[in-house]
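Remarks on the structure that follows.
Just so it is clear, none of the values below were taken in a lab; they were calculated from the coordinates. Note that the coordinates shown come from a computational prediction; the quantities given were computed from them, not determined experimentally. In this analysis, Cβ positions are derived from the backbone assuming ideal geometry, glycine residues included, and neighbour counts consider all displayed protein chains.
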Amino acid sequence: MKPLHLIPDDVNVPFLKFRKIFYIVSLVMVLASVGLFFTKGLNFGIDFRGGILVEIKTDGPANIGALRDNLGSLGLGDVSIQEFGEPDDVLIQLQRQDGDEKAQMTALAQVTDALGDSVTIRRSELVGPKVGDELKEAGIYSVVISLLLIMVYIWFRFEWQFAVASVIALLHDVLITIGFFVITGVQFDLATLAAILTVAGYSINDTVVVFDRIREYLRKFRKMELTDLLDLSINSTLSRTTMTSFTTLLALIALFAFGGEAIRGFTMALIFGIVVGTYSSICVASPLLVVLRLKRKIPEGEEGQEANA
Amino acid sequence: MLYFTKWKAALVLLVCALGVVYAAPNFLPKDVLPTESSLLPSKQVNLGLDLRGGSHMLLEVDTDSVVRERYDALADSIRSELRQAQIRNRPREATLQGAEVTVLKAEDAEKARELVRNIEPNTVMSGEGNNIIVSYNEVAMKELIDRALSQSVEVVRRRVDELGTTEPSIQRQGTNRIVVQVPGLDDPSRLRAILGRTAKMNFHLVNGQKTAADARSSGLPPGTMILPSADEGDKAAGIREYLIDRRIVVSGDNLVDSQPTFNEGRPVVSFRFDAAGGARFGDVTSKSAGRSLAIVLDGEVISAPRINEPILGGSGIITGQFSVQEANDLALLLRAGALPAPMQILEERSVGPGLGQDSVEAGEIAAVLGLVFVIAFMVISYGRFGIYADIALMMNLILVLAVMSVLQATLTLPGIAGIVLTVGMAVDANVLIFERIREERRNGRTIINAIDAGYRSAMSTILDANITTLIAALVLFSFGSGPIKGFAVTLAIGIITSMFSAIWLTRLLIAVWIKRRRPNELVL
């Protein structure tokens, strides 16, 4: 049996010819994401906002309306009540209460009292104002630090044009993934943040594979036009790029469908991010090298060392 | 490159064998596992609270109140020192900056300073004119807070131990925080109730001359204070507050035991003092018959019974409007001792056992399905080599389990997601290699040459790609909390083990195949 070749062996798509279109598409998506981020904003979960979350299981399908009336009358501000995966599974979220940590505790006690014994409390989470702020800070730090470290690593391994291009691609993926969260209104919590960092790692991974090939061809085909060379590099790695994205997506789709409601947002972020990451490493990162005027010259030492690789 | 020396092949197989042996306990029921002391591996993966159910609480100790209390005491000893030297003075409100005393006569200031200068080691004196401020230096301050924290941890441990759950973990975090993790707890509100209270209990005499209401209108007699009543019975009788003597008659520190019990059919709490406490208690109850003794818990009077006769046995009961649960909790708190300072719950995450079990099942289904999808797809795409990659993939999962069991790393729900993600990404190395081999074949290389070149040139790419993901995982590990840490752990371990399985194991498999079959056709 002849194995399946997802991408034909003689594939030759002139990606660079369409680069202007890709730039425009990407720019629009990035700008839209940033714009929406500042206007509509992310739907932050209690991890970052502080507040209370209670997941309950009811006897038979839940009566959301009654729950809303019951909890709404406690005077604890906005109460969000939604079905969570199953009709008898309900997620209740309360905004951060005015006052200090004690106020949150009292509110949680009020909610559990009001729910009574007829429901099972599957999960309860309380994040006080202090911890919410700290988690937000740690989240921002972790994104910034990992981006910096990745940038340093790439800069160390490649010439600066590669580093800049890969970081632009990376920011592109992260921003658009955030934009996805703004548009869908899917809750943004610690887990989704972790997903975004993973997308960052994956996106750079994908880009690096193509860049490695470009570097190799730069040494091999000294006379070739840069745009042709980039096209050749992208096409020769195209099969790998799509294969890896595909296997990762297969695993993630299984997780999305069967992994339970609690990590659905997380999986969604990963799936979306990987699709965007694959697009960006093919259509954004490499063409950017033209814009950044990648030089053909390669330091002598490196050439001798890796020419036989 | 395709030639494996005997010892190299043996090493690869040895790593695989160790992986299987150390991962094995996870597939065995708990009761057939070897005991800890046996040489055989017995450790299973440590499930996080989100998977096994339980409560996680982050507490903050109010260290300011420790400092303030300590300065209060220091101000007291300064004043008594000054009194002995007949220097008239007046106290100031206790602050965080130091114990402050004002000397009434300017001419006494110099002498007072002399006296106070070395009142305690590790103190610094400041203040201008008649004001004298004594504060602790950094060393003493650090020690003070340190001691308060370790005491708090100790008390929290005693309280949590009383709940009778298995393997609670109580750890200090930073300068003033404590992380409490109690697996398998059904009712987090109980934990909340026993951790949220300081449980400082003291006995004071109720002031006999005035009622609290009188004192409110005509001023407090010296050495007294007004405390609210927490007793429902009092409230029914219209008593809201008590005027009590400031002086502590017997302190809760002298308690040695406390139990919930019943008195006239109502739940009460019995207590017993140590020898010194019992003696003092006997003394006071003999002298003050007819007066009321206020039992003060965390600044509230929980009951104020009249002393009818001397209580000499060193034990007694606290009556009040307790429910059985409240009496249980109060006895527990008194047994475990008071916290040196109030604590606040900053964060709480509790998962019921049902949800944890559901999550494990969902995670297992997702992992198995993801695995099946990927395995099938690899075989469709790469034929025989795909099978090799799949063997490596399974081995990788076994290695991840083995490493996690040995390190006793915690597996969380996002951690399962990390493993599933690793399934997808682990084959990346093989995809890179196989695609390269295909290319090299197209360029006309011989089978062995192509395979050789495929592995060699894919190597640096695999390294680059994995290191960048590893960076993200490490950052997540250092900044993330609980469940997210679990994700970072499985992702990081998965990346590292996949480098072994995807590169070395597949290479060994291919080398053996080539050696045995000497194929002259490569279907890839």
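Some points to look at:
- Phi to ³J(HN,Hα) by Karplus 6.51 cos²θ - 1.76 cosθ + 1.60 over segment B:386-395, Hz, x for Gly, Pro: x, 4, 4, 4, 5, 4, 4, 5, 4, 4
- Taking amide H as placed 1.01 Å from N in the peptide plane, the amide H of residue A:44 sits under 5 Å from that of A:188, each at least 5 places away or on another chain.
- If you wrap the Cα atoms of segment B:196-349 in a convex hull and average its projected area over all directions, you get 10.5 nm².
- Average Cα contact separation per residue, chain A, under 8 Å, 6 or more apart, as relative contact order %: 25
- Förster-model FRET efficiency, 51 Å R0, residue B:158 and residue A:144, C-beta, rounded to 0.05: 0.75
- Cα-centred dipole magnitude for segment B:104-217, charges only on beta-carbon of K, R (+1) and D, E (-1), debye, nearest 20: 340
- Semi-axes of the equivalent ellipsoid for segment B:1-143, Cα gyration tensor, largest first, Å: 69, 20, 13
- Projecting the Cα atoms of A:170, B:409, B:201 onto the dipole axis of the protein assembly as shown, where Lys and Arg carry +1 and Asp and Glu carry -1 at the beta carbon, places A:170 farthest toward the positive end.
- Residues A:268, A:224, arranged from fewest to most other Cβ atoms within 10 angstrom of their Cβ, appear as A:224, A:268.
- Calculated FRET efficiency, residue A:100 to residue B:83, Cβ-Cβ distance, R0 = 35 Å: about 0.35 to the nearest 0.05.
- Shown for A:137, A:101: other C-beta atoms within 10 Å of each C-beta, ranked fewest to most, produce the order A:137, A:101.
- Summarising the strand pairing of segment B:196-349, around 95 percent of its internal DSSP beta bridges are antiparallel.
- Spatially proximal lysines relative to residue A:17 (Cα-Cα < 29 Å; intrachain offsets below 8 disregarded): A:220, A:223, A:295, A:297
- Annotation: amide H of residue B:270 within the under-5 Å range of B:259, B:261, B:318, sequence separation 5 or more or interchain, hydrogens built in the peptide plane.
- Using 0.36 nm per residue and subtracting the Cα-Cα separation, the extra length available between residue B:357 and residue B:256 on full extension is 32.3 nm.
- Fewest neighbouring Cβ atoms within 10 Å first, the residues A:181, A:246 line up as A:246, A:181.
- Among A:202, A:262, A:152 the positive-end extreme of the charge dipole of chain A (Cβ point charges): A:152
- Computed from the C-beta positions of residue B:124 and residue A:292, the FRET efficiency with R₀ = 45 Å rounds to 0.15.
- When you count the other C-beta atoms within 10 angstrom of each residue and take the mean per peptide, A:72-83, A:40-51 line up highest first as A:40-51, A:72-83.
- Dipole orientation for the protein assembly as shown: of the candidates A:217, B:259, B:481, A:217 has the Cα lying most toward the positive pole (charges on Cβ; Lys, Arg +1; Asp, Glu -1).
- Summed over all non-identical Cα pairs, the Kirkwood treatment of the protein assembly as shown gives a radius of 31.6 Å.
- Based on every Cα atom in segment A:51-127, Rg and the maximum pairwise Cα distance Dmax equal 11.7, 37 Å.
- Peptide B:373-386 has a mean of 4 when you count, residue by residue, the C-beta atoms of other protein chains within 10 Å of its C-beta.
- Relative contact order, percent, segment B:196-349 [alpha-carbon distance under 8 Å, six or more residues apart]: 32
- Peptide packing for B:407-420, B:75-88, B:39-52 was compared via the average number of neighbouring C-beta atoms within 10 Å per residue; ordered from the highest value, the list is B:407-420, B:39-52, B:75-88.
- Residue mean of other protein chain beta carbons inside 10 Å, B:487-493: 2
- Label-to-label distance, residue A:223 versus residue B:460, with points set 7 angstrom from Cα along the beta-carbon direction: 2.5 nm.
- Helix axis angle, B:506-517 relative to chain B longest principal axis, alpha carbon, degrees: 20
- Rounded to the nearest Hz, the phi-derived 3J(HN,Hα) couplings of segment A:38-55 under the Karplus curve 6.51 cos²θ - 1.76 cosθ + 1.60 (θ = phi - 60°) are 7, 8, 7, x, 7, 8, 5, x, 5, 3, 9, 8, x, x, 10, 9, 9, 9, where x marks glycine and proline.
- For peptide B:54-60, the mean count of partner chain Cβ atoms within 10 Å of a residue's Cβ comes to 2.
- A simple charge model with +1 on the Cβ of Lys and Arg, -1 on the Cβ of Asp and Glu and nothing else charged puts the dipole of segment A:51-127 at about 100 debye relative to its Cα centre.
- Remark: relative contact order (chain B) = 19 percent; criterion is Cα-Cα distance under 8 angstrom and separation of 6 or more residues.
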